[in-house]
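Enquirer: Take this structure first; my questions come after.
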Amino acid sequence: MISPRSIAVVLIDNYRAITSRRFSSYKYIGDPLTIVRTFSDYCVDEILILDRSATKRQKPINLGFISTLISECRAPVAYGGGIDTLDQARNIIALGVEKVVLNTATLVKPHLIPALSSEFGAQSVIASVDICHNTRKGKYQLHNKVTGIQDDVFDFIQRLVLDGIGEVIITDVLRDGTRAGPNLDLIAQLAPALPIPLVYKGGINSYEQIQSCIAAGASATACSTFFSLVKPFDAVLITYKGLVKHV
Amino acid sequence: MKSICILDYGVGNKGSLFRILESLGCTVKITRNISELCSSSRVILPGVGRHDVAMNNIKSLQLDEAIESIYSSGIPLLGICVGMQLLFDRSEEGHFISPGLGLIPGDVTHLSSSVDSSLRVPHIGWNKVIAPTHHHAFPDELHNRYFYFAHSYMCSPIDSDSIIAITPYGVNICAAVARDNIYGVQFHPEKSHAAGMDFLSNFVFSSI
């Protein structure tokens with residue numbers, strides 16, 4: 001049977017690799033190329049490269065930069081950051097990326113998903129959904145600083161599934177970078193109703209927590225800080241815990 | 001040494017495949033030129049994308065004739081993922097039934113019509129590939145190892161003898177096929193770390 005995946009995240013901001021904390025404070029951790037190569041050498045299950053500055057920069061995606069990153073990578077790769085046209089997605093996939101990840105575009109260009117799915121197949125189109133818990137309303141809501149849209153999370157993801165996405169990455173924004181543990185309740189609420197794989201990201205701090213996310217219903221977990229910083233002084237050290245024995 | 005040719009038909013993950021084959025010591029060309037293809041030692045049909053889009057590209061570039069020539073010449077041809085699905089008679093993927101190259105009799109159908117509804121589709125991730133048949137394209141050293149899959153459709157060859165490896169996902173998904181000099185794998189060997197490298201190395205260097 002298929003093995004759950006432990007995905008290594010490489011978060012990039014203006015060509016520098018960083019970790020984030022609650023999507024606000026950022027710590028420089030090194031050269032993205034070196035980090036991608038290191039994860040690849042660790043034989044990671046998958047690498048998720050996310051460029052957080054791409055949408056805000058509003059400049060064309062730098063294909064040369066992505067190409068350089070991919071050339072060092074032998075693992076399956078998903079890339080996200082500022083993708084909002086069919087052409088961009090085509091060019092990125094042609095470089096050797098298995099899956100394109102859409103975040104802001106899922107909110108401002110929803111027609112892009114069926115177009116991408118029609119051309120590349122659902123397995124190549126991933127939605128990244130950032131989620132926070134609204135304690136006043138007592139429910140999970142979308143978090144997106146660019147658009148400010150606050151829809152119901154469950155309805156939104158179901159619409160994305162109908163539009164043709166192959167996989168959804170959910171990020172608990174308040175747990176991002178905190179290593180405070182994953183939101184198992186969120187996984188347990190979302191996973192059963194979804195026919196597609198669900199990837200959980202946010203707050204994981206141990207191999208046991210990765211296992212508990214899988215037990216709660218996630219098909220995969222994605223970690224950034226857990227694989228990049230080591231206690232007690234948060235020194236930068238790229239490590240990896242996988243779920244598959246690559247022999 | 002003769003070249004390995006990666007067929008360039010406008011879709012597919014050529015970059016990764018190119019780098020992996022080069023690292024194995026091969027001379028690799030990405031081409032759609034018939035004479036280059038027919039003078040190579042191996043031809044690989046890469047695949048990311050949809051069956052109908054891929055077939056449209058192949059037909060508009062008249063590469064279906066080139067592939068027929070490769071088949072007649074006896075040069076080993078390997079289809080990867082969608083590249084494997086193109087080898088069959090037809091696929092459900094697309095707005096209408098999408099005809100394939102017809103080199104391996106059988107159909108390509110959506111996973112949801114075969115696997116249990118409790119299992120998620122697409123089939124994405126690392127799954128064990130079982131190949132107890134000791135076929136030369138999938139020897140013992142590859143049996144029971146994990147390979148990377150990312151697909152929503154599966155192949156069903158009419159001749160079960162052409163199935164040389166399966167992967168369990170509710171049902172036994174056809175993971176590898178072989179018929180004459182035509183081979184296909186549903187997984188991505190170029191993304192499957194050591195197991196994938198060993199598969200490609202065997203395909204390129206063993207006499208098959």
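Enquirer: The protein assembly as shown: Rg/Rh from Cα coordinates, Kirkwood Rh?
Expert: For the protein assembly as shown, the value is 0.96.
Enquirer: Under 17 Å from a point placed 7 Å out from the Cα of A:TYR207 along the Cα-to-Cβ direction: which residues of the stretch A:1-36 have their backbone N that close?
Expert: Under cut-off, by backbone N: A:4-8.
Enquirer: Oh, and also: Describe numerically, in nm with one decimal, the distance between label points set 7 Å from Cα along Cα→Cβ at A:TYR28 and at B:GLU65.
Expert: 5.8
Enquirer: Quick one: if you stick a label point 7 Å off each Cα along the C-beta vector at A:THR239 and A:LEU162, how many nm between them?
Expert: It works out to 4.5 nm between the two label points.
Enquirer: Along the charge dipole of the protein assembly as shown, pointing to its positive end and built from +1/-1 on Cβ of Lys, Arg, Asp and Glu, which listed residue (B:ILE124, B:ILE34, B:LEU78) has its Cα farthest out?
Expert: B:ILE124
Enquirer: While we're here: Considering only DSSP states other than H, G, I, E and B, which chymotrypsin sites (Phe, Trp or Tyr not before Pro) in the stretch A:1-58 qualify as loop sites with at most 15 other Cβ atoms within 10 Å?
Expert: Hits after loop and neighbour filter: A:TYR15.
Enquirer: Pull up all non-local amide H partners of B:TYR153: gap of 5 or more, or a different chain, and H-to-H distance under 5 Å with H placed in the peptide plane.
Expert: Residues meeting the amide H criterion: B:LEU111.
Enquirer: So which of A:LYS109/B:LYS191; A:LYS245/B:LYS14; A:LYS59/A:LYS99; A:LYS56/A:LYS109; A:LYS56/B:LYS14 end up more than 19 Å apart by C-alpha?
Expert: As for pairs spanning more than 19 Å Cα to Cα, those are A:LYS109/B:LYS191; A:LYS245/B:LYS14; A:LYS59/A:LYS99; A:LYS56/B:LYS14.
Enquirer: Same structure, new question: Which of B:SER192, B:SER162, B:SER16 moves most in a GNM of chain B, Cα contacts under 10 Å?
Expert: With Cα springs under 10 Å in chain B, the top fluctuation among B:SER192, B:SER162, B:SER16 is at B:SER16.
Enquirer: Compute the length gained on full extension between B:ASP180 and B:THR109: take 0.36 nm times their separation in residues and subtract their Cα-Cα distance, giving the result in nm to one decimal.
Expert: Result: 23.2 nm gained on full extension.
Enquirer: Rounded to the nearest 500, what is the protein assembly as shown's calculated 222 nm mean residue ellipticity when only DSSP H runs of at least 4 contribute -39500 (n - 2.57) each, over all residues?
Expert: Counting only the DSSP helices, I get -8000 deg cm²/dmol.
Enquirer: Based on the Cβ-Cβ distance of A:ASN62 and A:HIS111, what FRET efficiency does E = 1/(1 + (r/R0)^6) give at R0 = 30 Å, to the nearest 0.05?
Expert: Once rounded, the FRET efficiency stands at 0.75.
Enquirer: Over the C-alpha atoms of chain A, what are the Rg and the largest Cα-to-Cα span, Dmax, in Å?
Expert: Looking at chain A, its Cα Rg and Dmax stand at 16.6, 50 Å.
Enquirer: Quick check for me: using +1 on Lys/Arg Cβ and -1 on Asp/Glu Cβ, what's the dipole size of the stretch B:1-58 about its Cα centre, in debye to the nearest 20?
Expert: That gives a dipole near 80 debye.
Enquirer: A follow-up question, please. Given q = 0.14, 0.20 Å⁻¹, what are the Debye log10 I(q)/I(0) values for the stretch A:131-190, with equal point scatterers placed on the Cα positions and solvent ignored?
Expert: -0.42, -0.86
Enquirer: Order A:GLU167, A:GLU119 by their accessible area, 1.4 angstrom probe, all chains in place, largest first.
Expert: A:GLU119, A:GLU167
Enquirer: Something else now. About its Cα centre, how strong a charge dipole does the stretch A:108-247 have in debye, to the nearest 20, once Lys and Arg get +1 and Asp and Glu get -1 at the Cβ?
Expert: Here the size comes out at about 300 debye.
Enquirer: So, one more: Report the relative contact order of the stretch B:28-125, percent, no decimals, based on alpha-carbon pairs under 8 angstrom and at least 6 residues apart.
Expert: 25 percent.
Enquirer: Assuming R0 = 56 Å, what is the FRET efficiency of B:PHE205 and A:THR85, from their Cβ-Cβ distance, to the nearest 0.05?
Expert: Between B:PHE205 and A:THR85 the formula returns 0.85.
Enquirer: Could you work out the relative contact order of chain A, using alpha carbon pairs under 8 angstrom and six or more residues apart, expressed as a whole percent?
Expert: Worked out over chain A, it gives 20 percent.
Enquirer: For A:LYS231, go through the lysines and keep the ones whose alpha-carbon is under 18 Å away, minus same-chain ones fewer than eight residues off.
Expert: A:LYS27, A:LYS241
Enquirer: Return the Rg/Rh ratio of the stretch A:1-126 with Cα-based radii and a Kirkwood Rh.
Expert: For the stretch A:1-126, the value is 0.95.
Enquirer: Rounded to the nearest 10 Å², what accessible area does B:SER207 show when all protein chains are kept and the probe is 1.4 Å?
Expert: Probe radius 1.4 Å; accessible area of B:SER207 about 110 Å².
Enquirer: Same structure again: Please compute the Cα-Cα pair-distance distribution of the stretch B:1-120 with 10 Å bins starting at 0, giving whole percents from short to long.
Expert: Percent of Cα pairs in each bin: 14, 44, 29, 11, 2.
Enquirer: Now for a different question. How big a patch of accessible area, both sides summed and in Å² to the nearest 100, lies buried between B and A at a 1.4 Å probe?
Expert: 3000
Enquirer: Can you tell me the Rg and the Dmax, both Å, for the Cα atoms in the stretch B:78-138?
Expert: Here Rg and the maximum Cα pair distance are 13.7, 39 Å.
Enquirer: Further, regarding this structure: Roughly how many whole Å is it from the C-alpha centroid of the stretch A:116-131 to that of the stretch B:1-58?
Expert: Value for the Cα centre distance between the two parts: 25 Å.
Enquirer: Which loop chymotrypsin sites (Phe, Trp or Tyr not before Pro) in the stretch B:69-156, with loop taken from DSSP, have no more than 13 other Cβ atoms within 10 angstrom of their Cβ?
Expert: Passing sites in the stretch B:69-156 are B:PHE96.
Enquirer: Can I ask one more? Please compute the Kirkwood hydrodynamic radius of the stretch A:63-168 from all pairs of different C-alpha atoms, in Å with one decimal.
Expert: 14.5
Enquirer: Given the protein assembly as shown, what percent of its DSSP beta bridges are antiparallel, to the nearest 5?
Expert: 45
Enquirer: For the stretch B:109-123 and the stretch A:33-88, what is the centre-to-centre distance using only Cα atoms, to the nearest Å?
Expert: The stretch B:109-123 and the stretch A:33-88 have Cα centres spaced 29 Å from each other.
Enquirer: Got a number for the accessible area of B:CYS26? Probe 1.4 Å, square angstrom, nearest 10.
Expert: It works out to around 10 Å².
Enquirer: Next question. For the stretch B:76-208, what is the convex hull volume of its Cα atoms per residue in Å³?
Expert: In the stretch B:76-208, the Cα convex hull volume per residue is 95 Å³.
Enquirer: Let me ask something else. Does anything in the stretch A:10-24 have its amide N under 13 Å from the 7 Å Cα→Cβ label point of A:THR178, and if so which residues?
Expert: In the stretch A:10-24, the label zone of A:THR178 (backbone N under 13 Å from the point 7 Å along Cα→Cβ) covers A:21-24.
The values are calculated or read from the model by the stated rules, or taken from the named source; none is laboratory data. Computed from a predicted structure; not experimentally measured. All Cβ positions, glycine included, derive from the backbone under ideal geometry; neighbour counts span all protein chains shown. All accessible areas refer to the heavy atoms of the entire protein, side chains included, with ligands and DNA or RNA removed. Shrake-Rupley method; radii C 1.70, N 1.55, O 1.52, S 1.80 Å.
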